[in-house]
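Peer 1: Dropping a structure here in C-alpha cells format, bear with me for questions.
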Ligand code: ADP
Ligand code: MG
C-alpha cells in the first residue's frame, strides 16, 4: 500500500472506532443513569461511580452575609480567594492563582506534608496581604475548601482521600483526612482559620450556579478533568441511613463520573495505550476520553501512528514521540484554524512538535484527527449530561413540565474550545429531542468552584 494511503487508512479507522451515533449515545446515557442508581443503593454499589454524598443538603439562598475565604485545589494551579457576601450578592471578591511546583504533585518528593504545607503558606501570605488592607470584618476566619479529587466525605467538613486523579500522585495522602491535613499545616504556620466546608469543584459550581439561578439542577466540570454533581431527592439515596436524612430532603451528590466505564464507550487502541501508560491505569475511563488533560495526548498518539506509516507526511516525527507535548489548547487552536493554507496548524506543528514544512494535505489530516477526537469527547459529555437528567426525571417534554432544568458548566475545555462546546450543546438537543430540549439550559458558569466553596462555608458558618 502506498504510504499516503496507509496514513489515510489510520484516519478512516479512527473515525469509525470513534463514531458516536445517537443510538450509541442513548446507550451511554442509559448506562450512566443505571450506574448512578447502583451507586446510590449501597456504598460501593457501582464499581465505576462513587456517587458521593456531599453533606451539602441546602444550597445558598442568596441571603448569605460576611467575609469568607476559599481555597480551590484540583488542577495545575490552585486559587485562594476572599469574598464578601452582602445579603443580595457578592459585594467584593479578591482572588489569586498560584502554580503548584510539579515536584509537589507527583514523584519521590511529593508528600502530603509538603503539598499541604505549600498550600497553607500561600494562603497565609494571601491572608496577610488582604487583612493589611483592612480585609476582614471581625469574627473567626472561615474557609471553604474545594478539593477536586474523590473523597469519602464523612461530614460537611471532613473527608478522606480515596485516590488521586489528573496529574496528582502523592501516595501518603491517600486515606488521610484532607481537612485535618490542611488544618494542621495552617496552624503550624500560625494561621488562625477554620475549615467550615469541604467540597469539590462540581459541588462548588452547583452552589454558585444556584446562587444566581434557582433552576440549576446539576453542574459539570470540563477542564483538566471532568466530573458532575447534581441535586438528588434524599429519599432516593438508599445508602443514606435514615438518621442522616436531611430536613430539606435534598442532597447534593458528587457523582465522580470521570471513572464511569461501560462496554458501550467507543474505545480505541490509542485510548488503551494512553491508559496503560498513565499515572492511574485502569481508572478514570470516561475522563480519559473527554477531558482537557487527555485530548491533546490522544491526538498526539494518532499523529505518531500516522507518521510511522508515512514519515514524509509528518516530517519524520519530530517531538511526536514525547508524551503530553501536544496539549488540548493546541488541538483547539488547530481545529479552529480558518486560514486558507491552515497556517496556524503549520505553525503549531512546527513550534510544539518540531515538524517543519508540512504539506496542505498533512495539515488537513491533522485537523481531521482533532475533529474526530474532540467530537467524540463532546458527544460523550453530552450523553453524560442526558444520563443525569434522565436519572432525575427531567428528560420528558410533557406539557406538565414548565420548570427549566439548568446545567451549569465550568472548566477551561468548555469555556475556551468553541467547537467542543457547540458540538456538546447540539448533541444534548439531539438526544433530548426538541420538546424536552426547550426546557433544558446548558450554561457556562465560570469560576464557580471557588465562590461556591465560600458560599457553602457561609451556609455552614459556625459564627454566631
Ligand atoms: P482546572 O480544570 O485545572 O481546574 P480549568 O478549568 O481552567 O482548570 O481548565 C484548564 C484546562 O482546560 C486545561 O488543562 C486545558 O486542558 C483546557 N483548556 C484551557 N484552555 C483551552 C483551550 N483554549 N482549548 C481547549 N482546552 C483548553
Ligand atoms: Mg477548576
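The values are calculated or read from the model by the stated rules, or taken from the named source; none is laboratory data. Quantities reported herein were computed from a predicted structural model and do not represent experimental measurements. We place every Cβ from the backbone using ideal geometry, glycine too, and count neighbours over all the protein chains shown.
Peer 1: Test of understanding: among 29, 38, which residue is surrounded by fewer than 21 Cβ atoms within 10 Å (Cβ to Cβ), under 25 Å from the mean Cα position of the chain (by Cα) and closer than 21 Å to residue 229 by Cβ?
Peer 2: 38
Peer 1: Considering only region 353-362, I want to know if a residue exists there that is within 17 Å of residue 304 (Cβ to Cβ), in contact with a helix residue (DSSP H, G or I) (Cβ under 7 Å, 6 or more places away or on another chain) and outside any loop (DSSP other than H, G, I, E, B).
Peer 2: no
Peer 1: Name the residue that is nearest to ligand 1 (Cβ to nearest atom), counting only residues in region 413-427 that are surrounded by fewer than 21 Cβ atoms within 10 Å (Cβ to Cβ) and farther than 25 Å from residue 231 by Cβ.
Peer 2: Residues of region 413-427 that are surrounded by fewer than 21 Cβ atoms within 10 Å (Cβ to Cβ), as a first pass: 415-416, 418-419, 421-423, 425-426.
If we keep only those that are farther than 25 Å from residue 231 by Cβ too, we end up with 416, 418-419, 422-423, 426.
Working: 416: 3, 418: 9, 419: 9, 422: 13, 423: 13, 426: 18 Å.
Out of the qualifying residues, it is 416.
Peer 1: From the list 338, 347, pick out the single residue that is over 24 Å from residue 285 (Cα atoms), part of a loop (DSSP other than H, G, I, E, B) and either in contact with a strand residue (DSSP E or B) (Cβ under 9 Å, 6 or more places away or on another chain) or at pLDDT 95 or above (or both).
Peer 2: Numbers: 347 fails: part of a loop (DSSP other than H, G, I, E, B).
Selected residue: 338, the only one of 338, 347 that is over 24 Å from residue 285 (Cα atoms), part of a loop (DSSP other than H, G, I, E, B) and either in contact with a strand residue (DSSP E or B) (Cβ under 9 Å, 6 or more places away or on another chain) or at pLDDT 95 or above (or both).
Peer 1: Does region 224-234 contain at least one residue that is over 17 Å from residue 407 (Cβ atoms), part of a loop (DSSP other than H, G, I, E, B) and either in contact with a helix residue (DSSP H, G or I) (Cβ under 7 Å, 6 or more places away or on another chain) or within 16 Å of ligand 1 (Cβ to nearest atom) (or both)?
Peer 2: Yes: region 224-234 contains one or more residues that are over 17 Å from residue 407 (Cβ atoms), part of a loop (DSSP other than H, G, I, E, B) and either in contact with a helix residue (DSSP H, G or I) (Cβ under 7 Å, 6 or more places away or on another chain) or within 16 Å of ligand 1 (Cβ to nearest atom) (or both).
Peer 1: State all residues of region 63-73 that are in contact with a helix residue (DSSP H, G or I) (Cβ under 6 Å, 6 or more places away or on another chain) and more than 16 Å from ligand 2 (Cβ to nearest atom); if no residue qualifies, say none.
Peer 2: 64, 68 - these are the residues of region 63-73 that are in contact with a helix residue (DSSP H, G or I) (Cβ under 6 Å, 6 or more places away or on another chain) and more than 16 Å from ligand 2 (Cβ to nearest atom).
Peer 1: Now for a separate question. Look through region 208-223, keep the residues that are more than 16 Å from ligand 1 (Cβ to nearest atom) and buried (at least 18 other Cβ atoms within 10 Å of the Cβ), and return whichever of them is nearest to residue 423 (Cα to Cα).
Peer 2: 218
Peer 1: Out of (1) farther than 30 Å from residue 391 by Cα; (2) part of a loop (DSSP other than H, G, I, E, B); (3) touching a helix residue (DSSP H, G or I) at 6+ places or on another chain (Cβ under 7 Å), the odd one out for residue 94 is which?
Peer 2: So the condition that residue 94 fails would be (2).
Peer 1: Would it be correct to say that residue 76 is within 16 Å of ligand 2 (Cβ to nearest atom), farther than 27 Å from residue 240 by Cβ and out of contact with any strand residue (DSSP E or B) (no Cβ under 6 Å at 6 or more places or on another chain)?
Peer 2: yes
Peer 1: Consider residue 71 carefully, then state whether it is assigned to a strand (DSSP E or B) and either closer than 15 Å to residue 168 by Cβ or at pLDDT 95 or above (or both).
Peer 2: In short, yes.
Peer 1: For the subset of region 398-432 comprising residues that are closer than 28 Å to residue 295 by Cα and not in a helix (DSSP H, G or I), which member is farthest from ligand 2 (Cβ to nearest atom)? Step through it out loud before you land on a result.
Peer 2: Restricting attention to region 398-432, the residues satisfying the condition of being closer than 28 Å to residue 295 by Cα are 406-432.
In the following step, the residues that additionally are not in a helix (DSSP H, G or I) were identified as 406-411, 417.
On the way: 406: 20, 407: 17, 408: 13, 409: 12, 410: 7, 411: 6, 417: 15 Å.
Among them, the one singled out is 406.
Peer 1: What is the number of the single condition among (1) away from ligand 2 (no atom under 16 Å from the Cβ); (2) touching a helix residue (DSSP H, G or I) at 6+ places or on another chain (Cβ under 9 Å); (3) outside any loop (DSSP other than H, G, I, E, B) that residue 435 does not meet?
Peer 2: Here residue 435 clears every test but (2).
Peer 1: Take the conditions surrounded by 24 or more Cβ atoms within 10 Å (Cβ to Cβ) and either touching a strand residue (DSSP E or B) at 6+ places or on another chain (Cβ under 8 Å) or touching a residue at least 40 places away in the same chain (Cβ under 8 Å) (or both) and apply them to residue 250. Does it pass?
Peer 2: So residue 250 does not fit the description; no.
Peer 1: Looking at residue 210 and the list (1) closer than 30 Å to residue 27 by Cα; (2) in a loop (DSSP other than H, G, I, E, B); (3) modelled with pLDDT under 95, which single condition is not satisfied?
Peer 2: (2) is the only condition that residue 210 fails.
Peer 1: Checking the conditions here, which among 409, 366, 373 is within 16 Å of ligand 1 (Cβ to nearest atom), more than 24 Å from the chain's Cα centre (by Cα) and in contact (Cβ under 8 Å) with a residue 40 or more places away in the chain? Walk me through it before giving the result.
Peer 2: Values: 409 fails: more than 24 Å from the chain's Cα centre (by Cα); 373 fails: more than 24 Å from the chain's Cα centre (by Cα).
Answer to the check: 366.
Peer 1: Being away from ligand 2 (no atom under 14 Å from the Cβ), in contact (Cβ under 8 Å) with a residue 12 or more places away in the chain, buried (at least 17 other Cβ atoms within 10 Å of the Cβ) and within 15 Å of residue 73 (Cα to Cα) narrows it down to one of 198, 191, so name that one.
Peer 2: 198
Peer 1: For region 235-246, what are the residues that are in a loop (DSSP other than H, G, I, E, B) and either over 19 Å from residue 45 (Cβ atoms) or touching a helix residue (DSSP H, G or I) at 6+ places or on another chain (Cβ under 7 Å) (or both)?
Peer 2: 237, 238, 239, 240, 245, 246 - these are the residues of region 235-246 that are in a loop (DSSP other than H, G, I, E, B) and either over 19 Å from residue 45 (Cβ atoms) or touching a helix residue (DSSP H, G or I) at 6+ places or on another chain (Cβ under 7 Å) (or both).
Peer 1: A further question on this structure: Six or more apart or on different chains, Cβ under 6 Å: which pairs go from a residue in region 208-237 that's within 19 Å of residue 256 (Cα to Cα) to one that's part of a loop (DSSP other than H, G, I, E, B) and away from ligand 2 (no atom under 13 Å from the Cβ)? Could you list them?
Peer 2: 228/255; 234/245; 234/246; 234/249
Peer 1: Of 161, 136, which residue is more than 16 Å from ligand 2 (Cβ to nearest atom), at pLDDT 95 or above and either under 26 Å from residue 55 (Cα atoms) or buried (at least 16 other Cβ atoms within 10 Å of the Cβ) (or both)?
Peer 2: After ruling out the rest, the residue left standing is 161.
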